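Heads up: the structure comes next, in structure tokens.
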2 protein chains.
Amino acid sequence: MNAPDKPKPDLFFDTVTAYQKTAALKAAIDLNLFTLLADGPLSAKELAPKANAAERGLRILCDYMTVSGFLTKTGQRYALTRDSAAFLSRKSPAYAGSATEFLLSDPLIRAFNSLSEAVRRGGTAESKEGSVAPEHPMWVTFARAMGGMMVPASHGLAEIIALDASRPAKILDIAAGHGVWGIAFAKKYPRAQVVALDWAPVLQVAQENARSAGVTDRYSVIAGDAFATDLGSDYDTVLIPNFLHHFNRADCVRFLKKTHAALKPGGRVAIVEFVPNPDRITPPQAAGFSLVMLATTPEGDAYTFEGYASMLAEAGFQPPSSHPLPASMNQAVVSAK
Amino acid sequence: MNAPDKPKPDLFFDTVTAYQKTAALKAAIDLNLFTLLADGPLSAKELAPKANAAERGLRILCDYMTVSGFLTKTGQRYALTRDSAAFLSRKSPAYAGSATEFLLSDPLIRAFNSLSEAVRRGGTAESKEGSVAPEHPMWVTFARAMGGMMVPASHGLAEIIALDASRPAKILDIAAGHGVWGIAFAKKYPRAQVVALDWAPVLQVAQENARSAGVTDRYSVIAGDAFATDLGSDYDTVLIPNFLHHFNRADCVRFLKKTHAALKPGGRVAIVEFVPNPDRITPPQAAGFSLVMLATTPEGDAYTFEGYASMLAEAGFQPPSSHPLPASMNQAVVSAK
């Protein structure tokens, strides 16, 4: 198409039209395409009656999803990739398609529609407080949509923290949302008591999930603003999953001090976060997450490991360690009191 | 992050959030970022007063644009890539940033917001005729926004067709839009007469561009529906750039027959198109273009070379040849009467 030394418009064109990739994936999930292909390859003609959609529409959508890497095509038949089978078929226990309900929810889409203004201001252009406004309804959507995707990572975190399963333990789950992080601890440690903190309407979702997991008897809640509410005390572990990125550094330190006070001696905090390298441009997903915070919060950011280490030191914690989490863009930053 | 044999949610996450890439690119263009960096690397702090934006906003946006491949970062300073310098700085003659005004225009965004319904129907869910409705205003936006990006390809096409510059020639430019394709012929061939056909409001843009190119004395227009209007006759070359993909095969053949009749003996048609391979999944941009036609037209498609060859044969043309065009996702399919 081009001489190798000539400038190419391909990246520009791909990026201008990237929203079409999102739309195609959303349509494929809406039409149940990945679940329909879970039992084996099908052609557009074979899919049409099952999807209640036009053969022509399915042919074009399936070709596009093949180009995008979600399907493979052999002859006229389309098949799931390994990753699509794991995350996009509703028959998979790791089904993550519901994440679109949060990641493509109106408040997020609107925030990105006003991104230029957010760059000018240096913070969300949506409202004074953006997504950190008290009881913002998007966190109920988050809790309903995002739990499934976090299950493997939550089990990974419960392994990393490695409590003594034979002893009682008290776990606090900050901004629990779907509750999946704390529930993983309740399931792995049969004597653990889990306390979930979030806005009251969000806690209903966490409680439903605790009920499904059969851990209600060891599951309690604190409703309210994590910065203002009494957290309780003598926790073995405080989980802070994807919470600190919403705030500026000073507020993060303030919250870590409060966490420190709530831990028993030797207790640990586990911060789960998008953690970019010091260059702030790698790894791509963690580094790119800063933009979501610019679009949706007044002062939030994706902080580096060194950034968290410095906040933790200021709050009185030991030097932290960093741990990858399975099937996740998140890392765990773990530090002892 | 994952064992190599474990499923990864990365592609899913990247694609769900792909709309954020589009939004970031749009913000960078809106804020004139690429033009501000055209004279050399700058930090977010140095950019802030020039862009009239917050340092923090620019730091996060520039990091994101670095992750996305549009900038490089050395220390705290950001620099243009070769491709960004060529296509996204307003100081570049190949500036293509205005393409966002069409590619992100409301009718296109709306069409992708109703993509699931388009798949169900097998054609645009926006209106009965979608983008091929008579005098649809999006084609004026197209003409104003998309000309710049097509200039290198239009010069490439004028080379490929290789008319005898010493002789008079008559060129018809179908659905001329910005007029760039026909104007390239008028510039390269000093005795060529170019006739541009499009809706009347669109032709104003083509005529402005012909004036800027200094070819008005050899530039005339036909306003109206290409299928219904008299095309004239005895053309040496008929250009059909990015037009046939809006229609079903039968209508394409019908239009090619009409083209055939308008050509002089030995005259040639040059179809400029997104041309996928027979597998319909490569090359990615040409194959992916079918989805735009599904979203925006009742029956349009990206046809293969074999598809065009068969339509051309049915319309009475010789077997065609295929030609890449510089700095373009388009190919030229050329055939003689």
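The values are calculated or read from the model by the stated rules, or taken from the named source; none is laboratory data. Computed from a predicted model, the values in this text were never measured in an experiment. FYI the Cβ positions are ideal-geometry reconstructions off the backbone, even for glycines, and counts take in every protein chain you see. The protein model used for the area step is the full one, side chains on, heavy atoms only, and it has no ligands, DNA or RNA in it. Shrake-Rupley method; radii C 1.70, N 1.55, O 1.52, S 1.80 Å.
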- Query: Does segment B:256-274 include one or more residues that are under 19 Å from the mean Cα position of the chain (by Cα) and at the interface with chain A (Cβ under 9 Å from one of its Cβ atoms)?
  - Reply: no
- Candidate set from segment A:66-117 (those that are under 30 Å from A:Ala133 (Cβ atoms), of a type in the set (Gly, Ala, Ser) and buried (at least 22 other Cβ atoms within 10 Å of the Cβ)); member that is farthest from the chain's Cα centre (by Cα): A:Ala111
- Lone qualifier among A:Ser322, A:Ser335, A:Ser290 - being open to solvent by less than 30 Å² (accessible area, probe 1.4 Å), over 19 Å from A:Ala176 (Cα atoms) and either more than 14 Å from chain B (Cβ to nearest Cβ) or part of a strand (DSSP E or B) (or both): A:Ser335
- Query: Which of (1) open to solvent by 60 Å² or more (accessible area, probe 1.4 Å); (2) within 9 Å of another protein chain (Cβ to nearest Cβ) is the odd one out, the single condition A:Ala54 does not satisfy?
  - Reply: (1)
- Item | Of residues in segment B:27-43 being open to solvent by 10 Å² or more (accessible area, probe 1.4 Å) and touching a Phe, Trp or Tyr at 6+ places or on another chain (Cβ under 9 Å), the one nearest to A:Met65 (Cα to Cα) | B:Thr35
- Does B:Gly232 fit the bill of being among the small types (Gly, Ala, Ser), out of contact with any Gly (no Cβ under 6 Å at 6 or more places or on another chain) and crowded, with 16+ Cβ neighbours inside 10 Å? no
- Message: On the basis of being surrounded by fewer than 21 Cβ atoms within 10 Å (Cβ to Cβ), under 22 Å from A:Phe247 (Cα atoms) and touching a residue at least 12 places away in the same chain (Cβ under 8 Å), does A:Gly224 make the cut?
- Response: yes
- Restrict the check to segment B:179-187 and report whether at least one residue is farther than 28 Å from B:Ala133 by Cα and either open to solvent by 60 Å² or more (accessible area, probe 1.4 Å) or of a type in the set (Val, Ile, Thr) (or both). yes
- Test result for B:Ser328, under 20 Å from B:Leu103 (Cα atoms), open to solvent by less than 20 Å² (accessible area, probe 1.4 Å) and either more than 14 Å from chain A (Cβ to nearest Cβ) or in contact with a strand residue (DSSP E or B) (Cβ under 9 Å, 6 or more places away or on another chain) (or both): yes
- Can you name the residue in segment A:153-168 that is touching a Phe, Trp or Tyr at 6+ places or on another chain (Cβ under 8 Å) and open to solvent by 10 Å² or more (accessible area, probe 1.4 Å) and, of all such residues, is farthest from A:His246 (Cα to Cα)? A:Ala165
- Please list, ordered by first then second residue, the pairs with beta carbon atoms under 7 Å, 6 or more apart or interchain, first in segment A:317-337 and under 13 Å from A:Val269 (Cβ atoms), second basic (Lys, Arg). A:Phe317/A:Lys337; A:Val334/A:Arg268; A:Ser335/A:Arg268; A:Ala336/A:Arg268
- Item | Residue check, B:Thr124 at the interface with chain A (Cβ under 7 Å from one of its Cβ atoms) and of a type in the set (Val, Ile, Thr) | no
